[in-house]
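The values are calculated or read from the model by the stated rules, or taken from the named source; none is laboratory data. Note that the structure is a prediction, hence the values are computed from the model and not measured. Counting neighbours? That spans all protein chains shown, and the Cβs are built from the backbone with ideal geometry, glycine included.
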Amino acid sequence: MQLFIVKIQNVKNILGLNVCIYVICIWTYLSTVECDQSNVRNSHTAGQRSKFFVSRHPSFLDYKIIKKIGEGTFSEVVKARSLKDGKYYACKTMKQPISSLEQANNLREVQAMKRLNPHPNIIQLHELIFDKESGILSLVCELMEMNVYEFIRGRQQPLPDSKIRLYMYQLCKALDHMHSNGIFHRDVKPENILIKQDVLKLGDFGSCRSLYSKPPHTEYISTRWYRAPECLLTDGFYSHKMDMWSVGCVFYEIISFSPLFPGTNELDQVTKIHDVLGTPDSSLLQKFKQSRAMHFDFPPRKGSGISQLIPNCAAPSLSLLYQMLAYDPEERIASPFHRENTTVPHHFTGGNTTVPHHFTGGNTTVPHHFTGKTLPCLTISLGKL
């Protein structure tokens with residue numbers, strides 16, 4: 001701007017036409033310089049972000065990348081600060097490009113999050129960012145402090161029973177909300193359960209499926225350590241009950257700080273389950289549609305029992321664990337919350353704990369596994385998924 005003023009002063013006595021021409025030339029020059037500098041800034045910013053977004057779409061530039069916080073097979077997650085509202089978010093960017101915004105909106109994960117929000121125990125979707133040129137899609141979600149795996153890793157002192165009940169109550173409410181809306185998660189594990197100031201939320205809906213879709217489903221689903229017997233023994237003949245098995249495994253891990261069934265492969269996973277729960281009899285095994293890759297001639301094992309592994313576990317929690325980890329999915333508990341009279345079970349409250357209103361939608365009473373009082377039943381119409 002100083003150069004512009006100096007030149008105007010030097011030519012102020014020249015005839016009007018020449019002055020105008022000179023001024024226009026100077027203005028054109030300065031505009032060009034400013035554009036070049038702006039391009040350099042934008043290029044530098046885009047270069048910083050291309051590691052994650054590979055895009056110069058204006059919407060992407062509304063966020064400043066802070067750090068990478070996670071990566072999976074199909075996506076990468078970064079912590080980012082919005083330049084519009086100053087808040088921090090978790091931006092999940094898909095590695096596989098997509099062809100259109102319509103395709104983005106039809107992704108199961110996006111549909112599920114739109115249907116399930118808002119809920120106090122489901123990760124909230126803030127916005128979608130789609131770049132037409134590159135096909136890159138990002139889901140901008142609320143940011144939590146850590147996941148359950150990070151929360152329990154390296155801990156020495158056991159968590160108070162009241163805190164364990166509070167976390168499990170929230171996780172079961174999230175799952176109950178999903179199933180009530182016709183969706184099952186299929187990948188419940190500590191890494192997909194987020195915590196912030198004792199509020200627990202379920203996230204990562206990339207593997208979710210409609211409750212009403214008919215089997216066989218995808219065979220290799222869920223992370224191995226949290227995979228239900230029906231997922232291991234059959235070629236995709238499982239239901240939403242697999243989620244409750246996974247929740248039981250997470251429940252045990254929050255209590256003990258160690259995985260319950262850390263199998264090294266499919267067969268070892270089944271062996272680890274039988275070591276604890278015992279080998280099921282032939283009549284139960286015959287109920288499963290046998291996988292082509294799995295033989296059912298398992299050596300008989302009595303099983304140590306879960307109670308031997310966590311001898312100090314409170315009786316209500318142990319009872320719920322056994323219901324969640326029933327080998328037969330038909331015998332496995334579908335939800336701790338009864339549809340007709342949704343009480344907060346005594347397992348989650350020990351009979352004397354009140355759950356805060358932000359976990360119950362304003363009704364601070366809690367079901368008997370967790371106390372014995374009534375919560376309103378959530379009913380939502382179901383669309384296609």
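Let's see how each residue does on (1) touching a Ser or Thr at 6+ places or on another chain (Cβ under 9 Å); (2) at pLDDT below 95; (3) basic (Lys, Arg); (4) not assigned by TED's automatic domain parsing to the domain that holds Phe288:
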{"position": "His177", "(1), (2), (3), (4)": "no, no, no, no"}
{"position": "Phe184", "(1), (2), (3), (4)": "yes, no, no, no"}
{"position": "Ile193", "(1), (2), (3), (4)": "no, no, no, no"}
{"position": "Lys201", "(1), (2), (3), (4)": "no, no, yes, no"}
{"position": "Phe205", "(1), (2), (3), (4)": "no, no, no, no"}
{"position": "Ser213", "(1), (2), (3), (4)": "no, yes, no, no"}
{"position": "Pro216", "(1), (2), (3), (4)": "yes, yes, no, no"}
{"position": "Pro229", "(1), (2), (3), (4)": "no, no, no, no"}
{"position": "His240", "(1), (2), (3), (4)": "no, no, no, no"}
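Number of residues in the stretch 188-208 that are touching a Lys or Arg at 6+ places or on another chain (Cβ under 7 Å) and over 16 Å from His119 (Cβ atoms): the value is 1.
Annotation: of all residues in the stretch 193-228 being part of a helix (DSSP H, G or I) and touching a Phe, Trp or Tyr at 6+ places or on another chain (Cβ under 8 Å), the one that is surrounded by the most Cβ atoms within 10 Å (Cβ to Cβ) is Tyr226.
For every residue, the table says whether it meets (1) of a type in the set (Phe, Trp, Tyr); (2) under 12 Å from the mean Cα position of the chain (by Cα); (3) in a loop (DSSP other than H, G, I, E, B); (4) over 30 Å from Ala315 (Cβ atoms).
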{"site": "Gln111", "(1), (2), (3), (4)": "no, no, no, yes"}
{"site": "Ile129", "(1), (2), (3), (4)": "no, no, no, yes"}
{"site": "Met144", "(1), (2), (3), (4)": "no, yes, yes, yes"}
{"site": "Gln156", "(1), (2), (3), (4)": "no, no, yes, no"}
{"site": "Leu159", "(1), (2), (3), (4)": "no, no, yes, no"}
{"site": "Met168", "(1), (2), (3), (4)": "no, no, no, no"}
{"site": "Cys172", "(1), (2), (3), (4)": "no, no, no, no"}
{"site": "Asp187", "(1), (2), (3), (4)": "no, yes, yes, yes"}
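Limited to the stretch 125-146, what total is found for residues that are surrounded by 15 or more Cβ atoms within 10 Å (Cβ to Cβ) and within 30 Å of Leu260 (Cβ to Cβ)? Number of matching residues: 4. Among the residues of the stretch 83-118, the one identified as surrounded by fewer than 16 Cβ atoms within 10 Å (Cβ to Cβ), at pLDDT 95 or above and among the small types (Gly, Ala, Ser) is Gly86. For the stretch 147-164, the criterion of a residue being within 20 Å of Ser75 (Cβ to Cβ) and surrounded by 18 or more Cβ atoms within 10 Å (Cβ to Cβ) is satisfied by at least one position. Here Arg155 meets the list (1) assigned by TED's automatic domain parsing to the domain that holds Phe257; (2) at pLDDT below 95; (3) charged (D, E, K, R); (4) closer than 20 Å to Tyr89 by Cβ almost entirely, failing just condition (4). Can you tell me which residue in the stretch 71-87 is farthest from the chain's Cα centre (by Cα), limited to those that are among the basic types (Lys, Arg) and part of a strand (DSSP E or B)? Per the stated criteria, the residue is Arg81. State yes or no: is Ile129 touching a Pro at 6+ places or on another chain (Cβ under 7 Å), within 16 Å of Ile65 (Cβ to Cβ) and assigned by TED's automatic domain parsing to the domain that holds Gly72? No, not satisfied.
Taking the stretch 294-317 as the range and being modelled with pLDDT under 90 and in contact with a helix residue (DSSP H, G or I) (Cβ under 7 Å, 6 or more places away or on another chain) as the test, the residues that pass are Met294, Phe296.
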